[in-house]
1. Order these by the 10 Å Cβ neighbour count, fewest first: Phe43, Phe25, Phe10, Phe288.
2. Using a cut-off of 9 Å between beta-carbons, work out the net charge of the residues near Leu82 (Lys and Arg +1, Asp and Glu -1, Leu82 not included).
3. Contact order normalised by length for the stretch 188-327, with contacts defined as Cα pairs under 8 Å and 6 or more residues apart; what percent is it?
4. Determine which lysines satisfy two conditions relative to Lys308: a Cα distance under 27 Å, and not lying fewer than 8 residues away in the same chain.
5. So for the stretch 5-226, averaging the separation of alpha carbon pairs under 8 Å that are six or more residues apart and normalising by length, what relative contact order in percent results?
6. Would you mind telling me which residue in Gly72, Gly46, Gly156 has the biggest mean-square fluctuation in a Gaussian network model of the chain, where springs connect alpha carbons within a distance under 10 angstrom?
7. Using Cα centres only, tell me the gap between the stretch 79-116 and the stretch 264-288 in whole Å.
8. Where the only charges are on Cβ atoms (+1 Lys, Arg; -1 Asp, Glu), what is the dipole of the chain about its Cα centre, to the nearest 20 debye?
Amino acid sequence: MRLPSFIRRFLEINPREVEFDRRGFTCSNAEVRGHLETIGRTFLRGYSAAMARDDQDSLASALDQIQLELRGFAYEGAAMALALLDGIMFRGDRFLRFAKGPGRRHIYMLHVGAGWACARLPWTRRRIERAFAKLDPVLRWLVIDGYGFHQGYFAGKTQAISGLSASGLSEHGRHVFYQGLGRSLWFIDGADVHGIRRSISQFSPLYHNDAWSGVGLACAYAGGIASAAIEELRQESGLHAAALAQGAAFAAKARQLAGNPAPHTETACSVICQMAAGQAAALCDTAFARINPLHLCPYQDWRLLVQKSFASWLEIPNREHGFVGIA
């Protein structure tokens with residue numbers, strides 16, 4: 001069923017919403033700022049493309065015209081639009097059809113984009129874990145990651161955290177939320193290593209590991225800083241270096257599956273993971289094969305297994321990871 005044009009117009013997002021001045025983000029490096037704002041505009045380009053098209057093959061074709069390195073963000077934006085339309089229609093299947101069809105290679109980014117939609121739908125936001133219970137038992141948790149990113153990006157760090165009490169998220173869900181919130185710091189703090197560390201220090205220590213995981217994901221997937229700054233980021237993460245590496249490895253896996261490699265992902269993995277992006281992605285595959293999808297939160301199990309591998313590889317002292325995983 002085609003949505004009336006006036007509703008589509010109502011759902012339009014002003015392009016200025018991704019500008020740093022509008023969001024109040026800080027970034028002293030004009031080149032980095034331009035790169036991160038371009039990512040935001042690419043997301044909105046995907047969102048608008050999905051709002052304007054009912055044919056999903058046509059949508060995928062339009063998204064595939066976008067520069068390869070940025071294409072995943074366009075698919076993420078498209079997923080937000082599709083999930084938002086589904087939520088408004090209450091019975092829509094746009095998101096699922098796209099995820100199983102033309103968008104399947106970008107499956108990770110699609111789930112994250114769906115989380116943005118949940119943040120815009122109050123009746124879904126309050127029951128987000130139940131709303132996506134029928135999705136893939138592992139990847140559905142990325143919806144909460146997307147929700148956490150959205151809240152940090154649009155509401156701000158403090159408001160995002162204060163709103164958690166009304167979110168209805170389980171403790172596992174909260175850990176994934178903080179991964180998304182950590183990703184948002186890459187934009188909020190303008191990819192500034194010291195600013196990111198200070199922001200994470202303001203979070204409850206229980207979620208520091210999750211936030212550093214999100215930072216690693218953003219560093220390797222979004223990019224924007226040189227190898228020397230990435231090395232500084234690795235040093236700043238301290239005992240959370242395995243979580244940072246796990247995030248970078250997840251970014252490498254997402255790009256490998258989508259077929260949109262990026263030099264900055266290779267650089268991030270070489271510095272943070274101490275291995276090539278392809279090796280980091282393969283490590284994710286090995287860990288994924290070991291998880292039990294029937295566990296309470298297999299996504300957390302996946303993260304923990306990858307982090308344990310990096311803790312050994314990078315010779316990081318054992319520490320409390322801050323969430324329940326595989327014994």
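Taken together, the values in this text are just the output of simple stated rules run on the coordinates, not laboratory data. In this text, all values refer to a predicted model and were calculated from it rather than measured experimentally. Cβ coordinates were reconstructed from backbone atoms using ideal geometry, including for glycine residues, and neighbour counts include every protein chain displayed.
1. Values: Phe43 24, Phe25 19, Phe10 10, Phe288 16.
Ascending number of Cβ neighbours within 10 Å: Phe10, Phe288, Phe25, Phe43.
2. Numbers: positive: Arg94, Arg97; negative: Asp86.
Here the count lands on +1.
3. Details: 190 pairs, mean separation 32.4, N = 140.
Once normalised by length, the contact order is 23 percent.
4. Reachable lysines: Lys253.
5. Numbers: 318 pairs, mean separation 38.7, N = 222.
Relative contact order for the stretch 5-226 comes out at 17 percent.
6. Greatest mean-square fluctuation among the candidates belongs to Gly156.
7. Each part reduced to its Cα centre gives a spacing of 27 Å.
8. Details: 36 positive and 29 negative charges, 210 e Å.
Here the chain has a charge dipole of around 1020 debye.
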